[in-house]
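Have a look at the structure below, then the notes.
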Amino acid sequence: MFRQISGHYTERHIGESGVAVTLHMHAHHGERELEAVTYDSLADEIRELEYRAARLLADAEQAKAQARKDIADARDHQDDPRFARLCLMDAAVERIRARRLGEHAAAVRRGIVSLRTKAYFAASDRPITLAAE
């Protein structure tokens, strides 16, 4: 959306082919001047987010496995209560880490769904503005 003041602005639109177009503009006393145009493929952006979500889920699974290992270590060392307690604290930290990584992966997946939805509507000849600064 255009504001009637001076400064630099960007507008992002999705074209029919699923390519995002970013218009870089400069406004001076209400007059807009196009400075540059950037094209980004939504497919590339979605693919990058899918990789990120998969990596986060893999890290979460690794943290869960480490928590299970720490719990097993605590059971094996019941004769040394301090070491067992440390192992249980490590397990708790890993469980929290796994949960947060899983939540982050879920947020990334929601972003993927949002981008796919916007790409779908862009393909149906409806103009969509993703962001306006």
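The values are calculated or read from the model by the stated rules, or taken from the named source; none is laboratory data. What you see is a predicted model, and the numbers here were worked out from it, not measured in a lab. Reconstructed Cβ throughout: ideal geometry from the backbone, glycine too, with neighbour counts over all protein chains shown.
Here are the numbers for this structure:
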| item | result |
| --- | --- |
| Residue that is farthest from Ala106 (Cα to Cα) [pool: residues in region 55-74 that are touching a helix residue (DSSP H, G or I) at 6+ places or on another chain (Cβ under 8 Å) and among the hydrophobic types (A, V, I, L, M, F, W, C)] | Ala74 |
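Conditions tested, residue by residue: (1) modelled with pLDDT under 75; (2) within 19 Å of Ala106 (Cα to Cα); (3) not in a strand (DSSP E or B).
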{"site": "Ile5", "(1), (2), (3)": "yes, no, yes"}
{"site": "Tyr9", "(1), (2), (3)": "yes, no, no"}
{"site": "His13", "(1), (2), (3)": "yes, no, no"}
{"site": "Ser17", "(1), (2), (3)": "yes, no, yes"}
{"site": "Ala20", "(1), (2), (3)": "yes, no, no"}
{"site": "Met25", "(1), (2), (3)": "no, no, no"}
{"site": "Val37", "(1), (2), (3)": "yes, no, no"}
{"site": "Glu48", "(1), (2), (3)": "no, yes, yes"}
